[in-house]
Structure formats: C-alpha cells, structure tokens
Amino acid sequence: MGSVQVSHLILFLALLHSVLASTPSKEDTSGDSYWLLRIKSELVDPAGALENWSPATQVCSWNGVACSSDQAHVRGLNLSGTRISGFISHQFWHLAFLETLDLSSNSLAGTIPPELGKLQNLRTLCLYSNHLSGRIPEELGTLKNLEILRIGDNMLSGEIPPVIGNLTELRELGLAYCQFNGSIPVEIGNLKLLGSLDLQQNCLSGIIPGEIQGCEVLEKFAAANNRLQGDIPASMGRLKSLQILNLANNSLSSSIPVELSHLSNLSYLSLLGNRLSGQIPSELNQLALLEVLDFSYNNLSGIITLLSSQLKNLATLVLSNNGLTGSIPNNFCLGNSNLQQLFVARNELSGKFPLELLNCTSLQQLDLSDNNFKGELPSGLERLEYLTDLQLNNNSFSGNLPPEVGNMRNLETLILFDNIITGRIPSEIGKLERLSVIYLYDNQMSGEIPREIANCTSLTEIDFFGNHFTGSIPETIGNLKNLIVLQLRQNDLSGPIPPSLGYCKNLQLLALADNRLSGTLPPTFKFLSELTKVTLYNNTFEGPLPESLFLLKNLKIINFSHNRFSGSIFPLLGSNSLTALDLTNNSFSGSIPPRLAMSRNLTRLRLAHNHLLGSIPGEFGQLTELNFLDLSFNNLTGEVAPQLASCRRIEHFLVSNNQLTGTLPSWLGNLAELGELDFSSNNFSGTIPAQLGNCSRLLKLSLHDNILSGQIPPEIGNLTSLNVLSLQRNNLSGSIPSTIQECKKLFELRLSQNSLTGSIPAELGRLTELQVILDLSNNSLSGQIPSSLGSLLKLERLNLSFNHLQGEIPSSLAKLTSLHALNLSSNDLQGQLPSTFSGFPLSSFMGNEKLCGPPLVSCLEGAGQQKTKLSNTDVVVIIVAIVFTSTMICLVMLYMMVRIWCNWRRVSVSNLGGGGGGGGTEQRRDQEERWVYEEDQKRKGEYCKVNSSMALATSQDMHISRTCIFHFEMQDTGAKGANT
C-alpha cells in the first residue's frame with residue numbers, strides 16, 4: 001500500500017513539472033533565458049546589442065542567440081564585434097547544451113572562467129581580440145568535443161598547458177598575439193585532427209618539438225615572432241598536408257633541412273629573421289606549388305640554387321640580407337615564369353647585371369641593391385615591361401643610364417643611388433608617365449636636367465643629390481603638380497629658381513643647397529603652402545625676402561645660411577611651427593623679431609654673421625625647447641635678457657662678437673644641459689659667476705676678450721667634462737685655482753693677458769689630455785715652472801712668456817715631444833735649456849739673461865765671460881785711461897800734420913827762388929820724387945817727404961827745413977851741418 005502511494009506521488013510531481021515547464025514564467029530560474037539575463041547583467045552594452053534580451057520575448061529570437069531545432073535549448077551564442085565590455089560571466093556553465101560561444105573582437109577583460117570547462121558539448125570557443133589576461137585554465141582540457149579554440153590577441157600569459165593535448169577533436173588552435181612563454185608542449189602531437197596551429201607573436205622559447213609530426217593533417221603552422229631555438233626538426237617533412245609554414249623571426253639555427261622538400265603541398269614558406277646558415281638546398285626546387293619563399297635576414301651562404309624555371313608557381317622570392325655569393329643562375333627563368341617579386345638585396349652577389357633576369361618577363365619588383373654588381377646597365381631592361389619597382393642602389397654600376405629605360409611604361413620607382421653612373425639623364429625619361437619616385441643621388445652624373453622630366457606628371461619624389469648636374473633648374477618644373485620632395489643639393493646648378501616651381505603646390509621638402517644658384521626668391525614661393533622644409537644654404541641668393549613668404553604657415557625647417565640675403569627676416573616668421581631656423585652668414589639687418597618666440601617648438605636658432613641690431617628679445621624665454629642659440633658676430637647691444645633663464649634645454653649658447661654689456665648672469669648655472677657657452681668678444685664686466693660650476697655637461701667655455709675681473713672661481717673644477725677653457729684678455733686677478741686639475745678632459749687652456757698672480761699650480765700637470773695649447777702668458781705669475789708640466793705629453797703649444805717666472809727650466813719638459821711651439825721669453829729663468837729645445841727659435845727664450853744653451857749661447861762661453869767680468873770701478877778706470885790715451889794720440893797727430901804742412905810750404909818757396917837751374921834738372925827732379933828715409937829719422941822711426949833737389953841746397957837751407965819739420969831736434973841738426 002505504501003509503495004502505491006509513493007508511485008502516485010511521483011506521478012503527480014511529474015505532471016506538475018510538465019505543466020509548469022509548459023507555462024512561460026518571467027521568474028523561471030531553471031531555463032537558459034534566466035542565465036542569459038544573468039550574464040547580460042554583468043556586461044556593458046554601449047551599442048545596444050543586447051537590447052532585445054528581455055523576459056518578454058522568446059529567448060531564441062534574442063540577438064546572437066541560436067537554439068536547437070526544437071527551440072528547447074540554447075546551442076549557440078555569437079556576440080562577436082558587438083563592442084560589449086565587462087567580464088566573462090562564471091554563469092556560462094549553466095548553458096549545458098551550448099556548442100558555440102563566440103565573444104571575439106570586443107573589449108572584455110578579466111580572466112577566462114575555469115567554469116567554461118563544464119560545457120561538455122562545446123565545439124567552438126572564440127574569445128580572441130579582447131583584453132583578457134591571466135592563464136589558460138587547465139579545465140579547458142576537459143572539453144573533449146572542442147574543435148575550434150581561438151583565444152589569441154589578448155594579454156594572456158603563462159605557459160601553454162599540456163592538457164591542450166587532450167582536446168583530440170581539435171581542428172583549429174589559435175593562441176597568437178599573446179604573451180605566452182615556455183616551450184611548445186610535446187602533447188601538441190596528440191592532436192591528430194589539427195589543421196591550423198597559430199602560435200605567432202608570443203614569447204615562446206625552447207625547440208620545436210619533433211612530436212609535431214603527429215599532427216598528420218596540419219595545413220597551417222605559424223610560430224613566427226617568438227624566441228624558438230635549435231634546429232628545424234627534420235620530422236616536419238612528414239607533414240604532407242602542410243600548406244603554410246611560417247617560422248620567421250626566431251632564433252632557429254643550423255641549416256635548412258632537406259626534408260622540407262617533401263612538403264609537396266606547401267605554398268608559403270617563411271624562415272626569415274633567424275640564424276640559419278649553410279647553403280639553400282637545391283631539393284627545394286621540388287616544391288612545385290610554392291608561391292612565396294622568404295629566407296631573408298639569415299646567415300645563408302653559397303650560390304643561389306633556387307630556380308624559377310622549376311618553381312613554376314613561385315611569385316615571390318626573398319633572399320635579402322644573407323651572405324649569398326655568385327650571381328643569378330643561368331637558367332633562373334624561362335618564358336613561362338610567374339615570378340613577380342625578386343628581392344636579393346644586401347648579399348655578396350657580384351658580376352655584371354644578370355641578363356638571365358631579362359627572361360623573367362612577369363617581374364613587377366626587382367631589388368638587387370647593396371651587392372657588388374658592376375658594369376653597365378643593359379639596354380634590354382625594357383623587356384621587363386611589367387616592372388613597377390627597380391632598385392639597383394649601392395652597387396658599382398657604371399656607364400650611362402640607357403635611354404631604353406624610357407620604354408618601361410609601368411615603372412613607378414627607379415632607385416639607382418650610390419653607384420658610379422655617369423653621363424646625362426636621357427630625355428626619354430619623360431615617357432615614364434607613371435614614375436613616382438626617382439633616386440639618382442650619389443652618382444657621377446652630369447649635364448643638364450632634361451626639361452622632359454616635367455612630363456613625368458606622377459612624380460612625387462626627385463632626389464639628384466651629390467652629382468655634377470649643371471645648367472638651370474628646368475623652367476617647366478611647375479608641371480609636376482604631385483611633387484612632394486625635390487632634392488637637388490650638392491650639384492653645380494646655376495641661375496635663378498624658376499618661378500614655375502611655386503606651382504608645385506604639394507611640395508613639402510625643397511633642398512637646393514650647395515649649388516651656384518643666384519638671384520632673388522620668386523614671389524610665387526607664396527603658393528608652396530604645404531612646404532615644411534626648405535634648404536638653400538651655400539648659394540649666392542641675394543636681395544630682400546619676398547614679404548609673401550609670410551603666407552607659408554607649415555614651415556618647420558629653414559636654412560638660408562651662407563648666401564647674400566639682406567633686409568628683414570620677418571617674412572620667414574609666418575609659421576608658428578618652426579623647429580629650426582638657420583640664417584648664418586648673410587646680410588640681414590634690423591632687430592630680431594620677438595615673433596620668433598611664437599614657434600614654441602623651436603630647437604635651433606642660428607642668426608650669426610649678420611648685421612642685426614638691438615637687444616636679444618626677452619620673449620625668447622618662451623622657447624623652452626631651444627637647444628641651440630647662435631647670435632654671434634652681429635651688432636647686438638644691451639644685457640642678456642633674464643627671461644632666457646627659462647630655456648632649460650639649451651645646449652649651445654653663443655653670443656660672441658657683439659656689443660653686449662652687463663654682468664654674466666648667475667642663472668647660467670641652472671642650464672643643466674649646457675655644453676657650449678661662448679660670450680667672448682663683448683663688453684661683459686664683473687666677475688665670473690661661481691654658479692657656472694653647476695653646468696656639469698659643459699664642454700666649451702669661452703669668455704675671452706671682455707672686461708671681466710676678480711678671481712677665477714674654484715668651482716670651475718666642477719666642470720669635469722670641459723674640453724676648452726678660454727678666459728684670455730680680461731682683467732682677471734688672483735691665483736690660478738688648483739681645482740682646475742679636476743677638469744681632466746681639457747685639451748685647450750687659455751688664461752693669457754690677465755693679471756693673474758702667484759705660482760703656476762703643480763696640479764696643472766694632471767691635465768694629461770691638454771693638447772692644443774696651454775697659454776698663461778702676459779700675466780704676473782711668479783715662482784718656478786712646475787716639473788709636473790712634463791706630464792703633458794700630448795701638448796703641442798706652451799706659452800709662459802711675459803711673467804716673472806724664476807729658476808731653471810725643469811728637465812721633465814724635455815719629455816714634451818709633441819711640442820711644436822714654445823715661448824718662455826721675458827721671464828727671469830736661468831740655467832741650461834734642455835737639449836730638446838734647441839730646435840725652437842731664439843725668440844722663444846729671449847728676455848731671460850741667465851739662460852744658456854742652444855739656441856742661446858753655450859753655457860761654457862757664458863761661464864768664461866762670467867769669470868773675467870770686472871767690477872764697476874775697474875770698468876770706469878779703463879774707460880778713463882782709454883779716453884785720455886786717445887786724446888793724446890790725436891793731439892800728436894794733429895801737431896805732426898801741421899809741421900808737415902809748414903815744411904811743404906818752405907820747400908816750395910826755395911825751389912821758386914833757385915831760378916835757371918836748367919830744364920833737365922827740373923825734369924829729373926820730377927821723375928825722382930820719392931820717399932827718403934833719413935838716418936836720424938830712422939833712429940827715431942819717423943818719415944819725411946823730400947825732393948831730390950834738396951841735396952843741392954846749402955847746409956843752411958837743410959837746417960832751416962829740418963828745423964821746420966822737427967823742431968825738437970834743431971840743435972843736433974845744426975851741429976851736424978857745421979861739421980859737413
């Protein structure tokens with residue numbers, strides 16, 4: 001009886017359940033609709049994709065919901081690309097009959113719920129392209145019926161769980177574009193039905209497991225952009241169904257396995273960006289269905305063994321960036337070749353242009369750049385009638401550019417730079433109506449630029465830099481309405497800029513620098529509204545700038561330096577986007593416009609060597625990105641504007657050779673990026689601010705030729721990166737700070753023509769990088785030359801002249817073998833010069849009286865002269881004696897001359913008084929005139945001049961004559977005459 005009652009109760013409950021199930025209720029907690037509404041409550045739906053999910057409507061009509069044929073259960077949910085966000089609900093497991101779940105391409109975050117592992121009927125799970133993170137739940141390994149698992153393009157991490165190998169029904173596994181690490185699990189080999197395995201763009205490492213051969217029907221294997229290592233397993237050759245193999249950008253090594261030639265269905269093979277070496281197996285020519293092969297960026301060597309004539313379906317062959325040698329094989333192409341792209345750039349291929357390529361008539365892109373090809377370009381290039389891109393740059397091709405190039409009507413890109421091509425540009429180039437880019441730079445081409453180039457109306461870029469083109473820019477250049485880049489720098493072009501250039505309204509870059517162009521800028525420049533960069537430097541342009549240039553609002557870089565422009569610079573300031581303005585070495589005048597400060601991104605401003613007046617605008621303080629400011633060699637006046645303290649990124653601050661006044665601002669020490677400071681040749685006064693010691697990156701400090709006073713601050717030693725210190729020609733005083741020894745990178749030190757005192761610091765010897773000069777001349781330095789200067793082995797010039805240095809020259813200075821200019825003159829040095837100094841001129845040591853040795857007098861002579869040196873009293877006595885003796889001799893000589901004159905007078909009178917002595921006697925007297933040495937006079941050592949006729953004179957006459965001449969012997973002569 002009890003069992004009957006139980007049976008009736010069960011029957012009643014079953015009937016009740018069926019009644020309740022057949023009656024829809026909004027509060028039905030057991031139906032799929034309830035759980036879908038719970039899932040909806042956890043999502044954000046900005047696009048209203050779930051708007052019709054309502055208890056008032058049949059669940060099977062809801063957006064993205066698919067039901068079973070009897071509409072009893074939800075079997076599919078596809079909300080891909082509906083822009084929903086939030087988290088994947090843990091309630092999905094209640095949809096027990098769910099076979100497809102696609103939430104891809106949304107903005108879902110959080111982790112993958114482990115509860116999804118309870119959906120045992122699930123066949124497709126797509127969660128790719130979201131923002132999911134965390135690991136792959138191990139529970140997914142229980143989905144025995146799963147065929148498609150695509151969860152890539154997320155932020156998932158961790159290792160790929162080996163339980164993936166349990167999904168034996170899996171056909172497609174997509175884990176790409178995540179952050180998975182670890183190795184590829186060997187359990188992958190259990191997936192016998194797997195057709196697609198996508199693991200690319202992760203952080204996977206280790207080797208490719210040989211067990212992958214178990215994926216017998218695998219058609220696509222992509223593991224590019226990981227960190228895989230080791231060999232490519234030869235067992236991969238057993239994957240007979242493989243059509244796509246992409247292992248690019250890993251660290252795979254060793255050689256390419258010959259077994260890959262067994263992949264007879266392969267259409268795409270990419271091994272680029274690995275470390276593969278050895279030769280390319282010729283067996284790969286058996287891959288008859290191959291369409292794309294890319295072995296670029298490896299270490300492959302040997303010759304090219306691949307033949308398009310055998311790989312009949314090959315459309316793209318990329319072998320760039322290897323070490324391949326030789327040339328293109330002879331039978332590389334046949335008439336039925338499908339090859340469209342051939343890239344063999346950056347190898348070591350050599351020889352002449354491979355004529356075999358002219359048989360590849362279907363070629364569209366050919367890149368032979370960066371090899372060792374040479375010789376002339378063949379005229380047969382015109383056979384490549386479908387060619388759109390020809391890149392032959394960075395080789396050694398020579399000769400002329402063949403005119404037949406003009407017949408390559410489909411050519412869009414012609415890149416021949418960095419060769420040795422000579423001659424003219426053929427006028428036939430004008431036939432290339434589709435030509436968009438032509439790069440001929442860095443060749444040796446010459447002649448004029450043909451006007452026919454203006455017929456290439458599709459041109460967007462022209463680059464003829466670094467050739468020898470002459471003549472003018474074609475007047476028809478304005479026909480190139482699509483031109484964006486015109487680069488003609490460093491040629492020999494002359495004449496003015498053609499006005500038609502202004503009609504190239506799309507022009508963004510104009511480079512005409514380093515030519516011989518002249519004239520003024522045409523007013524049509526105002527139409528170049530897209531121009532962002534213009535460089536005209538090193539020409540002879542002249543005249544004022546057209547005011548209409550102010551209309552060029554997009555200019556960012558302007559370089560008009562080294563021309564003859566004049567007038568105001570204001571027309572160049574229409575753009576507020578300037579990043580660099582260089583007008584160096586022109587004749588611009590007027591003041592510097594404050595409007596320059598409106599270009600807040602300005603980094604380089606160079607206005608040196610002009611005739612600019614006025615002060616430096618304080619508005620420049622708004623140029624917070626400025627790193628190069630050069631206003632030197634102008635006529636600027638006033639003080640340095642304090643607002644410039646805001647230019648904290650400035651690295652080069654040059655205002656030399658102006659008429660600036662005031663003191664050096666202390667805020668210079670706050671410019672932490674400062675590398676070069678040149679305030680020289682101005683009228684700055686006051687002291688050198690100690691704050692400059694904070695500029696730790698300073699390489700050059702030039703403050704020479706000012707009126708600076710005070711001491712050199714010891715903080716100068718903080719400038720440990722300093723290379724050049726120039727403080728000469730100021731009024732600096734005090735001693736040279738010893739802290740300068742910390743400037744160990746100094747190679748030029750100039751402190752001359754100041755009033756420095758004290759001794760030369762011995763610490764200067766630690767500046768072992770000093771090379772250009774050490775100049776301390778024209779100061780009041782004293783003491784000895786420190787021997788430590790002998791450590792400056794790189795020093796080329798040393799000037800210590802015009803000081804008060806004493807003592808001997810240290811012998812250590814003899815080690816300065818690099819020295820080629822030395823000046824120690826005008827000091828109080830003494831002792832012997834080092835022998836190595838003998839080659840310097842005498843002027844190097846003048847003004848040091850106690851120095852000796854070559855090139856001065858030898859020290860031995862100097863010592864002898866020192867020993868015989870007399871006292872001052874002795875010198876005076878000797879001088880008096882010499883003067884007295886000389887005076888007496890002069891008086892005696894004068895007396896003798898007077899006596900001789902008297903004797904001559906008397907003899908003449910006597911001869912006249914003798915009368916008719918006969919002509920013969922007179923003639924004989926004239927013939928016999930001579931010097932007579934008389935006996936008495938011989939005794940006295942005296943001479944007299946007499947005539948022979950004096951022998952006829954009386955004794956009285958002789959007496960008178962002698963008395964006249966020798967008055968002091970008158971008595972003796974008279975006695976002698978009486979006796980005769």
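The values are calculated or read from the model by the stated rules, or taken from the named source; none is laboratory data. Since this is a predicted model, take the numbers as computed values, not measurements. Cβ placement follows ideal geometry from the backbone for every residue including glycine, while neighbour counts extend to all protein chains displayed. Just the protein is used for accessible areas: all its heavy atoms, side chains included, with ligands, DNA and RNA removed. Shrake-Rupley method; radii C 1.70, N 1.55, O 1.52, S 1.80 Å.
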Exercise. Say whether the condition of being touching a helix residue (DSSP H, G or I) at 6+ places or on another chain (Cβ under 6 Å) and farther than 20 Å from A690 by Cβ is met by at least one residue in region 743-764.
Key: yes
Self-check item: Test: residue in region 51-65 that is in a strand (DSSP E or B), touching a Gly at 6+ places or on another chain (Cβ under 8 Å), of a type in the set (V, I, T) and open to solvent by 50 Å² or more (accessible area, probe 1.4 Å)
Solution: no
Quiz prompt | Condition met for S826 (in contact (Cβ under 8 Å) with a residue 12 or more places away in the chain and assigned to a strand (DSSP E or B)) | solution = no
Quiz prompt | Near pairs, Cβ below 6 angstrom, 6+ apart or cross-chain, from region 453-466 (open to solvent by 10 Å² or more (accessible area, probe 1.4 Å)) to any residue that is among the small types (G, A, S) | solution = N455/G430; S458/S436; T460/S436
Quiz prompt | Lone unmet requirement of (1) closer than 22 Å to Q711 by Cβ; (2) open to solvent by 30 Å² or more (accessible area, probe 1.4 Å); (3) in contact with a Ser or Thr (Cβ under 6 Å, 6 or more places away or on another chain) for E796 | solution = (1)
Quiz prompt | Residues (of a type in the set (A, V, I, L, M, F, W, C), assigned to a loop (DSSP other than H, G, I, E, B) and open to solvent by 60 Å² or more (accessible area, probe 1.4 Å)) located in region 73-102 | solution = F97
Quiz item: Among L401, L411, L392, L387, which is the only one that is crowded, with 18+ Cβ neighbours inside 10 Å, of a type in the set (A, V, I, L, M) and in contact with a Phe, Trp or Tyr (Cβ under 9 Å, 6 or more places away or on another chain)?
Solution: L392
Quiz item: Within region 279-304, which residues are open to solvent by 30 Å² or more (accessible area, probe 1.4 Å) and either over 19 Å from L218 (Cα atoms) or of a type in the set (A, V, I, L, M, F, W, C) (or both)?
Solution: Q279, S282, E283, Q286, A288, L289, V292, Y297, N299, S301, I303
Quiz item: Got at least one residue in region 192-207 being in a helix (DSSP H, G or I), at pLDDT 95 or above and open to solvent by 20 Å² or more (accessible area, probe 1.4 Å)?
Solution: no
Self-check item: Test: residue in region 474-491 that is open to solvent by 30 Å² or more (accessible area, probe 1.4 Å), touching a Gly at 6+ places or on another chain (Cβ under 9 Å) and over 22 Å from F560 (Cα atoms)
Solution: no
Quiz item: Which numbered condition trips up I244, out of (1) under 42 Å from the mean Cα position of the chain (by Cα); (2) modelled with pLDDT of 95 or more?
Solution: (1)
Quiz item: Any idea how many residues of region 384-415 are of a type outside the set (V, I, T) and part of a strand (DSSP E or B)?
Solution: 9
Self-check item: Candidates L132, L127, filtered to the one that is open to solvent by less than 30 Å² (accessible area, probe 1.4 Å) and either among the charged types (D, E, K, R) or closer than 26 Å to K192 by Cα (or both)
Solution: L127
Quiz item: Under the condition of being polar (S, T, N, Q) and over 17 Å from S812 (Cβ atoms), which residue from region 760-790 is surrounded by the fewest Cβ atoms within 10 Å (Cβ to Cβ)?
Solution: S780
Quiz item: So which of N330, N313, N322, N372 is surrounded by fewer than 16 Cβ atoms within 10 Å (Cβ to Cβ) and within 23 Å of Y268 (Cα to Cα)?
Solution: N313
Quiz prompt | Checking N321 against (1) out of contact with any strand residue (DSSP E or B) (no Cβ under 7 Å at 6 or more places or on another chain); (2) in a loop (DSSP other than H, G, I, E, B); (3) farther than 14 Å from N394 by Cα, the condition it does not meet | solution = (3)
Practice problem: Can you tell me which residue among L242, L252, L260, L269 is buried (at least 17 other Cβ atoms within 10 Å of the Cβ) and assigned to a helix (DSSP H, G or I)? | Solution: L260
Practice problem: Return a yes/no flag: does region 105-115 have any residue that is acidic (D, E) and touching a residue at least 40 places away in the same chain (Cβ under 8 Å). | Solution: no
Quiz item: What are the pairs, 6+ residues apart or on separate chains, where a residue within region 47-69 that is under 22 Å from E99 (Cα atoms) has its Cβ under 9 Å from a residue that is open to solvent by less than 30 Å² (accessible area, probe 1.4 Å) and of a type in the set (S, T, N, Q)?
Solution: A49/T82; L50/T82; C60/S68; N63/T82; G64/T82
Quiz item: Across region 497-543, which residue is surrounded by the fewest Cβ atoms within 10 Å (Cβ to Cβ) among those that are assigned to a loop (DSSP other than H, G, I, E, B) and of a type in the set (V, I, T)?
Solution: T520
Quiz item: If you go through region 587-609 one residue at a time, do you hit one that is among the basic types (K, R), touching a residue at least 12 places away in the same chain (Cβ under 8 Å), assigned to a loop (DSSP other than H, G, I, E, B) and farther than 18 Å from N539 by Cα?
Solution: yes
